[in-house]
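Asks: Encoded as structure tokens, here's the structure I'll be asking about.
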Amino acid sequence: MHYTNHPENDPLYKGLSVNEGVSDAPTINPYRTKTTKRTNYSASQYAEGILKGDISMLGQAVTLVESALPEHQQIAQQVIEKVLPYSGHSVRLGITGVPGAGKSTFIEALGMYIVRSGRKLAVLAIDPSSERSKGSILGDKTRMEELSVAKNAFIRPSPSSGSLGGVARKTRESIILCEAAGFDTVFVETVGVGQSETAVKSMVDFFLLLQLAGAGDELQGIKRGIMEMADGIAINKCDGNNVHKAKVARTQYQNALQLFPAHESGWVPEAITCSAIDKNGIPEIWEMVQKYVTHTQSNEFFQQRRNEQSKYWMYETINDRLKDGFYTNPDIMSLLSKVENQVVSNEISSFIAANMLLDTYFRK
């Protein structure tokens with residue numbers, strides 16, 4: 001007998017024995033169900049799905065908005081154009097806060113309160129810093145256990161990279177899509193730091209500043225500009241041994257708010273204590289937002305502000321397109337390094353260099 005598989009098992013080789021072994025495991029899971037390839041819908045199909053409240057269609061349309069591919073942007077803009085007349089019927093709430101203020105827990109507590117009251121909530125984020133810090137609402141979403149599975153809630157992580165202007169524009173366009181899908185409340189969270197608060201303020205109706213008591217001098221390290229932008233302040237973690245400190249902080253913030261010039265809207269900002277864990281103060285914060293909406297709608301500031309925001313984003317888009325067109329122009333790309341070196345070596349001034357490049361771009 002010949003042992004073709006394992007000749008070592010031939011009796012000639014005394015003391016040797018080799019087992020057959022097992023066959024290799026398949027490289028693909030045999031239990032995995034086959035996924036179908038995503039269908040490429042037309043702009044009309046996306047719009048129709050969104051207006052019916054189809055969350056899957058909404059999510060795919062937001063992905064198109066966030067995409068940098070020209071063909072995706074083309075469809076996205078067509079979808080926005082079709083659903084635009086059905087948008088605008090929501091309360092847009094911007095939320096920012098110091099690190100450690102419990103923003104995720106607060107958003108879930110306020111969000112669940114709103115959803116349980118019968119409203120539909122979309123939570124979006126502006127996060128231009130995630131490429132460096134790796135932080136985003138995606139991490140927050142895993143902590144919002146109740147809200148992330150709530151029937152009438154839609155939580156969307158922000159784009160993972162890009163300039164503040166680009167990310168902010170995409171977030172504003174996502175707001176339009178969410179409103180067209182029937183969401184009557186939209187939260188826009190600032191995940192990044194710095195100028196992102198200004199970007200959020202330029203697309204929301206009410207700007208809420210979330211603060212933390214008991215960290216020392218409450219008013220230290222808080223930018224005056226952010227305080228001035230706030231329509232309301234929520235001092236979170238007013239629970240346990242922190243209740244007294246939170247109440248003291250509320251008094252400090254309320255006094256500080258009175259030092260700022262009166263808001264153009266005629267609204268007087270308030271500072272309210274709350275506990276996102278105990279749910280105390282959450283109804284009062286939502287009541288404050290509703291009071292603001294009623295107040296600004298009655299004096300027509302609400303619509304006036306939205307009109308100003310629309311114009312602002314028109315000019316921002318023009319600026320972005322001009323900037324992108326300039327830096328991607330082949331003539332500019334070939335000239336830029338050379339002119340840059342001339343500026344550094346003091347051969348020409350910065351202003352002459354800039355005008356020279358602009359003249360080249362505009363073919364003067």
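Asks: What's the number of the only condition in (1) surrounded by 11 or more Cβ atoms within 10 Å (Cβ to Cβ); (2) in a loop (DSSP other than H, G, I, E, B); (3) at pLDDT 90 or above that His89 fails to meet?
Replies: Of the numbered conditions (1) surrounded by 11 or more Cβ atoms within 10 Å (Cβ to Cβ); (2) in a loop (DSSP other than H, G, I, E, B); (3) at pLDDT 90 or above, the odd one out for His89 is (1).
Asks: Now for a separate question. Among the helices (runs of 4 or more DSSP H) confined wholly to segment 241-354, which include 2 or more residues that are exposed (fewer than 12 other Cβ atoms within 10 Å of the Cβ) and among the aliphatic types (A, V, I, L, M)? Don't jump to the end; show me each part of the working.
Replies: Working: elements: 243-259, 282-298, 301-327, 330-344.
By residue number, 301-327, 330-344.
Asks: How many of the residues making up segment 69-82 are touching a residue at least 40 places away in the same chain (Cβ under 8 Å) and within 20 Å of Pro157 (Cα to Cα)? Let's see the steps before the verdict.
Replies: Keep residues of segment 69-82 that are touching a residue at least 40 places away in the same chain (Cβ under 8 Å), which gives 76, 79-80.
Going one step further and asking which of them are within 20 Å of Pro157 (Cα to Cα), we end up with 76, 80.
The total comes to 2.
Asks: Considering only residues of segment 128-153 that are under 29 Å from Pro283 (Cβ atoms) and surrounded by 21 or more Cβ atoms within 10 Å (Cβ to Cβ), which is modelled with the lowest pLDDT?
Replies: Of everything passing the filter in segment 128-153, Ile137 is modelled with the lowest pLDDT.
Asks: What do you reckon, is Lys82 closer than 24 Å to Glu48 by Cβ and modelled with pLDDT of 80 or more?
Replies: yes
The values are calculated or read from the model by the stated rules, or taken from the named source; none is laboratory data. Here the structure is a predicted model, which is why all the values come from computation and not from measurement. Positions of Cβ are backbone-derived with ideal geometry, glycine not excepted, and every protein chain shown enters the neighbour counts.
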